[in-house]
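The values are calculated or read from the model by the stated rules, or taken from the named source; none is laboratory data. Model, not experiment: these values are computed from the prediction. All Cβ positions, even for glycine, are placed from backbone atoms using ideal geometry, and neighbour counts span all protein chains on display. Surface areas here come from the heavy atoms of the whole protein model, side chains and all, with no ligands, DNA or RNA. Shrake-Rupley method; radii C 1.70, N 1.55, O 1.52, S 1.80 Å.
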Amino acid sequence: MAVGLLVGACAGPRDAAEVESASQSPAPRHVILLTVDTLRADHTSLHGYPRATTPFLQRLATSSTVFDHAIVQWPKTGTSFASMFTGRYPESTGLAHTAALRIPEELPTLPESFRGRGFRTVAVVSNAVLSKELGWDRGFDEYVETWAGSQTEDPVEYRALLHAGRVNRLAFELLDRHRDAERLFLWVHYSDPHAPYILPPERDNPFLGDELFEQAEPTHVDLEGTSGKAIGDATDLRFYRAQYDANVLEVDRALEAMVAELERRGLWADALAVITADHGESLGEHDLYFEHGPLPYNPSARVPLLVHGGGAPAGLRVGEAVELLGLAATLQRAVPRLQLDGAMLREGRAWPLHPDPSSSPDVSGAAARVEAEPPLAFAGAARGGRRHFRRVQDAGWKLVFTPPRDAARSRPDDFELYDLKADPLEEQDVLDAHPDQVRRLRAPLLAWMERTAAVAPAATDDDEASDPEALRALRAMGYVQ
């Protein structure tokens, strides 16, 4: 296969001369953004998960730069993409708290910027939170919704409209219609790992009954009264985790097919491609089941991030923490003709597309770190307007501000500290044992909270979907009742 030849030819770490040469590559004519809904990094074999959930991403990593600690700025779809597309934190713009939101017209976005600089802008999306009715087609020449024309609110029936195979078919048809584009910005958004974790009928789950399944203790999950999460009468957590993992594998297969098609069409060789997710998913951690958004922990905040082409060094793994907010600044560096509005570059830090000798044993250390202090990633989380968590982390430590349930009360222990290397699932708060780490992280967290202190505005009628078709899709995905 062409993809196999591509990644095989670029395998292995590169020395400083090769990295410098790569950084001088011509600006890409095609920018490809491939995103996956609800994909947590630690359930990908790319990041060491024992199940082979992402074999294609593992192969693609040998010709890409991989970021091991990529953090979303809010673990909900609309809010996360709003930050990626505007270059702004949700806290500083008020784009937070609600599932379905609209980017204010006064905020410039990446798709508008690409179109304004001569790129054809096209997209296929599979989550109704990103609907045209909520303005997500702004800046796109053509915007395809996979649920268009659907009359169903049933979560099981709706799955057929968002499976990755359908997303790819619609994307290939879209590329046919825009084959004459000299420059192209393509966004494809997959949603298979989103609850309910139902596979296409032709797929069997290879992880049911495997070694990981059998080693885990059966755990009952009560899904009574939940919307769009239960699969039949299944109640075993092991089953749902295996179903989630099988849907991750389904997306990995679709990504492989997508890249192969882009290669076949001649769109991959001179493209800058970014593959990432809008957020992860809690699979029982912190007593949150098959959900994302209300809690600030890494099962729903840490996602995969690969950058391929556009001068990104091949075979590198970057160990420092990065924010998805940095997408705009990263694309500006790689595509100078973009000339993004300065407001889009004020808050985000471009991703460090350079070797990091401390990031992975697979990296040769071709270049030294250029920053004395580990970079920090900031993020928030909440359910509606209640208990707005804020957090800061580097690759090793994370400090979480946990607002008291009584807003009039403030205590020194309104913080939690986690040792991410020893405790990646953040199960043990070690605040009292490491006062030095608390001091190191507390000051920048409080400073960031002060800078982004704008209160999220109350939702208005314009912020919510009202179109019957969009509402049916949102109900099918469990976003509205």
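Condition check ((1) within 30 Å of GLN243 (Cβ to Cβ); (2) surrounded by 19 or more Cβ atoms within 10 Å (Cβ to Cβ); (3) modelled with pLDDT of 95 or more) across all residues:
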site: THR53; (1), (2), (3): yes, yes, yes
site: SER64; (1), (2), (3): yes, yes, yes
site: HIS69; (1), (2), (3): yes, yes, yes
site: ARG88; (1), (2), (3): no, yes, no
site: GLY118; (1), (2), (3): no, no, yes
site: SER126; (1), (2), (3): yes, yes, yes
site: LEU134; (1), (2), (3): yes, yes, no
site: THR146; (1), (2), (3): yes, yes, yes
site: ARG159; (1), (2), (3): yes, yes, no
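Within segment 423-453, can you find the residues that are in contact (Cβ under 8 Å) with a residue 24 or more places away in the chain, loosely packed, with under 11 Cβ neighbours inside 10 Å and out of contact with any strand residue (DSSP E or B) (no Cβ under 9 Å at 6 or more places or on another chain)? Within segment 423-453, ALA453 is the sole residue that qualifies.
So that you can scan it fast, the table gives a plain yes or no per residue for (1) part of a strand (DSSP E or B); (2) at pLDDT 50 or above; (3) in contact with a strand residue (DSSP E or B) (Cβ under 7 Å, 6 or more places away or on another chain); (4) open to solvent by less than 80 Å² (accessible area, probe 1.4 Å):
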site: ALA350; (1), (2), (3), (4): no, yes, no, yes
site: LEU353; (1), (2), (3), (4): no, yes, yes, yes
site: ASP356; (1), (2), (3), (4): no, no, yes, yes
site: SER360; (1), (2), (3), (4): no, no, yes, yes
site: SER364; (1), (2), (3), (4): no, no, no, yes
site: GLU373; (1), (2), (3), (4): no, yes, no, no
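State whether one or more residues within segment 287-305 are under 30 Å from THR402 (Cα atoms), assigned to a strand (DSSP E or B) and basic (Lys, Arg). Taking every residue of segment 287-305 in turn, at least one turns out to be under 30 Å from THR402 (Cα atoms), assigned to a strand (DSSP E or B) and basic (Lys, Arg). Assuming SER92 fulfils every condition listed in (1) in a helix (DSSP H, G or I); (2) at pLDDT 90 or above; (3) surrounded by fewer than 24 Cβ atoms within 10 Å (Cβ to Cβ) apart from one, which condition is it? Looking at each condition in turn, SER92 falls short on (2). Within segment 179-201, the set of residues being touching a helix residue (DSSP H, G or I) at 6+ places or on another chain (Cβ under 7 Å) and of a type outside the set (Val, Ile, Thr) comprises PHE185, HIS189, TYR190, SER191, ASP192, PRO193, PRO196, TYR197, LEU199, PRO200. Could you please find all residues in segment 306-318 being open to solvent by 10 Å² or more (accessible area, probe 1.4 Å) and either among the polar types (S, T, N, Q) or not in a loop (DSSP other than H, G, I, E, B) (or both)? Within segment 306-318, HIS308, ARG317 meet the criteria.
Within segment 206-217, residues that are at negative phi reach partners that are among the acidic types (Asp, Glu) and modelled with pLDDT of 95 or more with beta carbons closer than 6 Å, at six or more positions or on different chains, in the pairs PHE207/ASP245. Among the residues of segment 255-268, those that are open to solvent by 10 Å² or more (accessible area, probe 1.4 Å) and in contact (Cβ under 8 Å) with a residue 12 or more places away in the chain comprise GLU256, ALA257, ALA260, GLU261, GLU263, ARG264, ARG265, LEU267. Residues considered: ALA328, ALA343. Of these, the only one that is farther than 24 Å from LEU420 by Cβ and open to solvent by less than 10 Å² (accessible area, probe 1.4 Å) is ALA328. Consider THR276 carefully, then state whether it is surrounded by fewer than 18 Cβ atoms within 10 Å (Cβ to Cβ) and among the hydroxyl-bearing types (Ser, Thr, Tyr). No.
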